[in-house]
Amino acid sequence: MNHTVSRPASKYKWLIVPAIIIAACVVVDSIGAARGEHAGVFSIPGFWSAFGLLGCLSLAGLCKLVARLFLKRPENYYDDVL
Amino acid sequence: MTMFSDMALHPAALFLGAALLLACVRSGVLQRVLLLGTPLAALVAAALLPDTFGAARYLGMDLLFGRADSLSLLFLYSFIVLAGLGALYSLQVRSRTQKAAAFAYTAGCTGVVLAGDFLSLFIFWELMAFASVFLIWGGSVRSAAAGFRYVLVHAAGALVLLAGILLRVRLTGTLEFGPLGSEGLNLANILILTGFLLNAAVPPLHAWVADAYPEASPGAAIFLCAFTTKAAVYVLVRGFAGLELLAPLGAAMALIGVGYAVVENDARRILAYHIISQVGYMVCAIGIGTDLALNGACAHAFSNILNKSLLFMGVGAVVLQTGRARLYELGGLWRSMPRTLALTMVGALAISGVPLISGFVSKSIVITALEQAHRPGLEMMLMLVSIGTFFSVGIKLPLYIFFGRDDSAPSADQKTADPPWNMLLAMVLTAGLTLTFGMFPGLLQRLLPFAAATRVYSPAHVSHTLQLLAATAIGFYILRRALVPGPGILLDVDWLYRRGATHIMRLSAGPLTRVNDWVGGLYQRAGVGPVQRASSTLTHFDRSGIDGLIDGLARHTLILGNGLRRIQTGNIQHYIGGAVIFFFLLMIIVMLY
């Protein structure tokens, strides 16, 4: 079965909304940082965008790797025992 | 023996009564009245509860069946509301056992959150375990075995809990159930904690969730996903608030759960792993133990009861209508099940923590509590969990169920439709509650038991959350080809008792048997000879001494028996005659003295 999403008009159509959200949020972060409302690494403008992207790629990649190497079994793996 | 000091209608009594009636009554109308009326009646009963009730003395111990403070009431109300929504969703269910089990299970939960002492807590705890296994047994063909594993795991957990309770009674002389974490971890408290952690599905005691819950029927899954783990969160808040160990354990639990959900391919197993993941937030907050953190744990339990049920309702509707749960067998249902899609998305976005839905509010309280407690490591772990949650439930699950394959020409097996009205109504009500509590965070904060509040919708929080979600969407887009679901299952700790046990059997059949044979040979040589000599001596004594005595006794018993047999002629006159003789003999003896 083919599970690809139906081909969008533009290849990057699905990225427009997230990109706009990130841009707007970085602006909000910058205003907050300029006012000195927060301190620390977590309030660097755009920190959570970078964390989100890197976190997503590494989490999914690591999980896929561990699953493929150690955890994946055929569907009927347990069927011959209780 | 048991005297109640004052009377109040315990909601558990209502649900138990309804469960009994549901098991007996055959009329469909009456069944529906019971299913919908009981939760409403229980809500009224809960509103009328005094602060404490049902105090009793049993075997010299003080019991308290009802302690209705703000912490208990928050969980009590959410359980009753959820029971009502689950009952509405399950109106079509035919099996009376299932309906009775669902309400008995609800009774157990309401009993647990109201119990003021360990004995009544344990009774309702067991009711929960044994009622819920009947819910699991009503599901798929695999549910019988899964149910047995579930009940074995919970019986073991209950024994550990009971051992802890008994030990604690010996140590302290009281059954009262209050904060235990401050006492330090003695053996009694460790055993009690272990019993609680098993029901909260804290790794490595978590595998029963993903093993059993996906096999239950869709209606049963709603009750299951909301009750056992959240009742465990309640007892942890009550008993072990501020126990430092729980903070890293909860964060790790959240990560493990979400990690499985990211790569799992079965829709209901994804949701089951998300139960573990979301309870991780709560356990972590309980470990932090500040008023705000505990409020966060309670708020997250409250919102999760709604969100997770909504997701199980949506996916359950898909399973009912298509007979499938695996992502690679589903797709393109947005055309035929648009309402289910919309309502499931509310749950999916709620659990992902999208602003304006209840999950955002409760997650924000937990995250703020971590910030205030200066725990950046835990905060980052939970943010990573948020990424995985949005990845697996916010995007992957709806994408592969409702979109995925191009559905311009539906095949024969895809002629599906939205589920019946009552299931949709249950989902609409649940989604409505989720949205209401998300848009008006003050409503939820007012229900919370501890005196701490925070500004949920601060610009920084909203901005951080939206960035995380948007970046996750981009990440998913990048990885979309690498993570297409395919057949296969994932091993978990339940392997130990499903497959590991067979390895132990093989071990015992091979090396252990050889060791046994060797020991047996040694025994033959060293032990059997002397024993045989001793036994022949004893046999001689037995024949000549003991047998003579026994034989003599037997001979005399035989002679006496023959005599007695001859007396019993079976003739009624002889008996009457004998009785008359006996009577006269008695009279003579009486007159003589």
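The values are calculated or read from the model by the stated rules, or taken from the named source; none is laboratory data. Note that the structure is a prediction, hence the values are computed from the model and not measured. Every residue, glycine among them, receives a Cβ derived from its backbone with ideal geometry; neighbour counts consider all protein chains shown.
Some notes on this structure:
- Residue in segment B:217-224 that is modelled with pLDDT under 95, polar (S, T, N, Q) and touching a Gly at 6+ places or on another chain (Cβ under 6 Å) present: yes
- Among the residues making up segment B:157-184, those that are closer than 23 Å to residue B:203 by Cα and without any contact (Cβ under 8 Å) to a residue 40 or more places away in the chain are B:158, B:159, B:160, B:161, B:163, B:164, B:184.
- When B:139, B:164 are screened for being part of a loop (DSSP other than H, G, I, E, B) and among the small types (Gly, Ala, Ser), only B:139 passes.
- Test: residue B:492 is among the acidic types (Asp, Glu) and modelled with pLDDT under 80: no
- Residue check, residue B:57 modelled with pLDDT of 90 or more and over 25 Å from residue B:430 (Cα atoms): no
- The numbered conditions (1) farther than 30 Å from residue B:322 by Cα; (2) touching a strand residue (DSSP E or B) at 6+ places or on another chain (Cβ under 7 Å) are all true for residue B:214 except (1).
- Members of segment B:445-487 that are in a helix (DSSP H, G or I) and β-branched (Val, Ile, Thr): B:462, B:465, B:472, B:474, B:478
- One residue stands out in segment B:145-158 among those that are among the aliphatic types (A, V, I, L, M) and under 13 Å from residue A:78 (Cβ atoms): the one that is farthest from the other protein chains (Cβ to nearest Cβ), namely B:146.
- Which listed residue is surrounded by 24 or more Cβ atoms within 10 Å (Cβ to Cβ) and in contact (Cβ under 8 Å) with a residue 12 or more places away in the chain, from B:140, B:132: B:132
- In segment B:483-503, the residues that are under 28 Å from the mean Cα position of the chain (by Cα) and more than 7 Å from every other protein chain (Cβ to nearest Cβ): B:492, B:493, B:494, B:495, B:496, B:497, B:500, B:501
- Residue in segment B:38-54 that is buried (at least 18 other Cβ atoms within 10 Å of the Cβ), more than 22 Å from residue B:134 (Cα to Cα) and within 20 Å of the chain's Cα centre (by Cα) present: no
- Checking every residue in segment B:195-203 against the condition of being small (Gly, Ala, Ser) and outside any helix (DSSP H, G or I) gives at least one match.
- Residue selected from segment B:179-194 under the condition within 29 Å of residue B:274 (Cα to Cα) and either part of a loop (DSSP other than H, G, I, E, B) or of a type in the set (D, E, K, R) (or both), by the criterion modelled with the lowest pLDDT: B:180
To keep it simple, each residue is scored yes or no on (1) surrounded by 24 or more Cβ atoms within 10 Å (Cβ to Cβ); (2) over 28 Å from residue B:421 (Cβ atoms).
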site: B:329; (1), (2): no, no
site: B:334; (1), (2): no, no
site: B:340; (1), (2): yes, no
site: B:371; (1), (2): no, yes
site: B:376; (1), (2): no, yes
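- Every condition in (1) more than 11 Å from residue B:468 (Cβ to Cβ); (2) surrounded by fewer than 24 Cβ atoms within 10 Å (Cβ to Cβ); (3) at pLDDT 90 or above; (4) within 12 Å of chain A (Cβ to nearest Cβ) holds for residue B:405 except the one numbered (3).
- Being farther than 19 Å from residue B:306 by Cβ, in a helix (DSSP H, G or I) and either of a type in the set (D, E, K, R) or touching an Asp or Glu at 6+ places or on another chain (Cβ under 6 Å) (or both) is a condition met by no residue of segment B:46-66.
- For the condition crowded, with 23+ Cβ neighbours inside 10 Å, in contact with a Pro (Cβ under 9 Å, 6 or more places away or on another chain) and farther than 27 Å from residue B:463 by Cβ, residue B:317 qualifies.
- Any hit, segment B:342-360, residues being in a helix (DSSP H, G or I), more than 30 Å from residue B:486 (Cβ to Cβ) and among the hydrophobic types (A, V, I, L, M, F, W, C): yes
- Residues that are at positive phi and at the interface with another protein chain (Cβ under 9 Å from one of its Cβ atoms) were ranked within segment A:26-77; the one that is surrounded by the most Cβ atoms within 10 Å (Cβ to Cβ) is A:46.
- Of the numbered criteria (1) within 14 Å of chain A (Cβ to nearest Cβ); (2) more than 22 Å from residue B:101 (Cβ to Cβ), the one residue B:249 fails is (1).
- Index of the failed condition, residue B:416 passing every other in (1) modelled with pLDDT under 90; (2) surrounded by 17 or more Cβ atoms within 10 Å (Cβ to Cβ); (3) farther than 30 Å from residue B:210 by Cα: (3)
- Residue satisfying condition, being among the charged types (D, E, K, R), more than 7 Å from chain A (Cβ to nearest Cβ), free of Cβ contacts under 8 Å to residues at least 40 places away in the same chain and under 30 Å from residue A:14 (Cα atoms), within set B:514, B:506, B:480: B:480
- Any hit, segment B:385-394, residues being touching a His at 6+ places or on another chain (Cβ under 8 Å), modelled with pLDDT of 90 or more, more than 14 Å from chain A (Cβ to nearest Cβ) and closer than 23 Å to residue B:256 by Cβ: no
- The set of residues in segment B:444-463 that are within 14 Å of chain A (Cβ to nearest Cβ), crowded, with 18+ Cβ neighbours inside 10 Å and either touching a residue at least 40 places away in the same chain (Cβ under 8 Å) or on the phi > 0 side of the Ramachandran plot (or both) contains only B:461.
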